1. Explain nothing, just the number: dipole magnitude of the protein assembly as shown about its Cα centre with +1 on each Lys and Arg Cβ and -1 on each Asp and Glu Cβ, in debye rounded to the nearest 20.
2. Can you pull the one-decimal nm distance between simple spin-label points at A:E245 and A:E148, each 7 Å off the Cα toward Cβ?
3. Shielding of B:132-142 by partners, i.e. mean partner chain Cβ atoms within 10 Å per residue?
4. If you restrict to DSSP beta bridges whose two residues both lie in the protein assembly as shown, what percentage is antiparallel, to the nearest 5?
5. How well do other chains shield peptide B:175-187, expressed as the mean number of their Cβ atoms within 10 Å of each residue Cβ?
6. Whole Å is fine, so just give me how far the alpha carbon centre of region B:1-75 lies from that of region B:137-216.
7. Among A:Q51, A:L218, A:F153, whose Cα lies farthest out toward the positive end of the dipole of chain A, if unit charges sit on the beta carbon of Lys, Arg (+1) and Asp, Glu (-1)?
8. Between B:V33 and B:V79, 0.36 nm times their residue separation minus their Cα-Cα distance comes to what?
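Rule-based calculations on the coordinates, nothing more; no lab input. Small disclaimer: the values here were computed from a predicted structure and weren't measured. Cβ coordinates were reconstructed from backbone atoms using ideal geometry, including for glycine residues, and neighbour counts include every protein chain displayed.
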Protein chains: 2
Amino acid sequence: MADSGWPGCAKSLKGVILDMCGVLYDCGEGDGVAIAGSIEAVKRLKASNLQLRFCTNETQNARETFVAMLQRLGFDISVSEVFSPAPAAVAVLKERGLRPHLLVYDGLLPEFESVDKTNPNCVIIGDSAEKFTYQNLNEAFRVLIGLEKPVLFSLGQGRYYKESNGLNLDVGAYMKALEYACDLKAEVVGKPSPRFFQSVLNDMGLQPHEALMIGDDLVNDVGGAQNCGMKGVQVRTGKYRPSDERHSTVTAGGTVDNLAQAVDMILNQRH
Amino acid sequence: MADSGWPGCAKSLKGVILDMCGVLYDCGEGDGVAIAGSIEAVKRLKASNLQLRFCTNETQNARETFVAMLQRLGFDISVSEVFSPAPAAVAVLKERGLRPHLLVYDGLLPEFESVDKTNPNCVIIGDSAEKFTYQNLNEAFRVLIGLEKPVLFSLGQGRYYKESNGLNLDVGAYMKALEYACDLKAEVVGKPSPRFFQSVLNDMGLQPHEALMIGDDLVNDVGGAQNCGMKGVQVRTGKYRPSDERHSTVTAGGTVDNLAQAVDMILNQRH
């Protein structure tokens, strides 16, 4: 029974899923900065008999772009190990025969190159930053309101995030605007959607209880993973706040100072 | 008892409140077009012993501007008879000692000339059309999120409206975006807010049951008035749609072809 808690659960783990921004590195202008010990921690996980995947809600750039940035920082990581909302959305589009009108950041467009975008029968919005213009929002709205069965996909549902110029509205706010105008409910693609976590588990060929998610976002990373039956551990880096440790609805399986400490504890349990 | 229905209720009426766009005139580019019989109908109401007020959710222009337009069309109307969201918001600001950050259309700014806007402690959004930029929304958001007790006023809560270039998102969509990002509930100023209708009744010195609202918007005009204890009649002009006559929650006290017919029926009952 003790094995089901943290860090005892590490004994029976078969796979680990890592959030990226706030766990591997601190995001910011241009390239980010690696969090102390994280590069080495990823190496040690890869040298173990655990499977490893990366799972992010990054939607301003295609995976090729931000994986190359992480490689420049020194991380051993490849595109095939990374799960992000855009490819997950592409999979849903192909499965359901949907052709999207895209309201996404220019850097994300390469992810949708293989998708038929003519005569759209759904809308996808991501964090479009300065592309969230009155004109672009009206265009997305007109596509939706003109459909007999309007379908809106939102790449994540964040409220806001911090940039060097201050706080900015995130995609979730614009998702709510379109939901209200069209009287519909968006389908969220990305964390904390169970379908998104499940696609990572499927790729590893694991059952939920065999996998552990490590993230800095208590609700989307830890809570989302737990809702799928996975273990969830929070790091005290990135967007962690002390108040997370007394959150009203989500309690992390464990809380650690950073990724390096989490990996130490996992590997110690297994030797 | 028959007197409580339409048009019997007209016998005991003391005041009438008219919606403007869609009842008096059809809105459009530049000046609108008077709806047949409406200019004469307003004249006949003014010549009767009924009090008359006008009540609109217009927020792109100051009252002086759109009242002048109606006068050019031939209507006997003055600014003091018109109730619109901006002056109602100004009254609330003064009552509660609030200083707004304004996200409104340029044409509306004159309504807020007398208001202290330094060091804002609330946000007011109206239908800002092309002023709904990413930058302006972030600015409004940053004011709200920086307040200990964020207060957001929305001038109306429309979902969308039609312009010559197609459908455009209305202020309600942007209200929902800010509500979600800041985890708050906006205070709606204008129809169908009971406080707004009450201010018109107060100005006439009437009880709700002594007044009748005539509008083209079933939910905001007719339903809003009925929620305050007033009578509500819908005209088959403006945004009226046949499906309004079998609406799931709002049933108009009566439905008439246009304002001229409503005034005929009212005055016939009283003579």
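1. That gives a dipole near 1060 debye.
2. Using points 7 Å along Cα→Cβ, the separation is 5.7 nm.
3. Other-chain Cβ atoms within 10 Å of each residue's Cβ, averaged: 6.
4. Taking every DSSP beta bridge within the protein assembly as shown, about 20 percent pair in antiparallel fashion.
5. Other-chain Cβ atoms within 10 Å of each residue's Cβ, averaged: 5.
6. 21
7. Projecting each Cα onto the dipole axis, the largest value belongs to A:Q51.
8. That works out to 14.6 nm of additional length.
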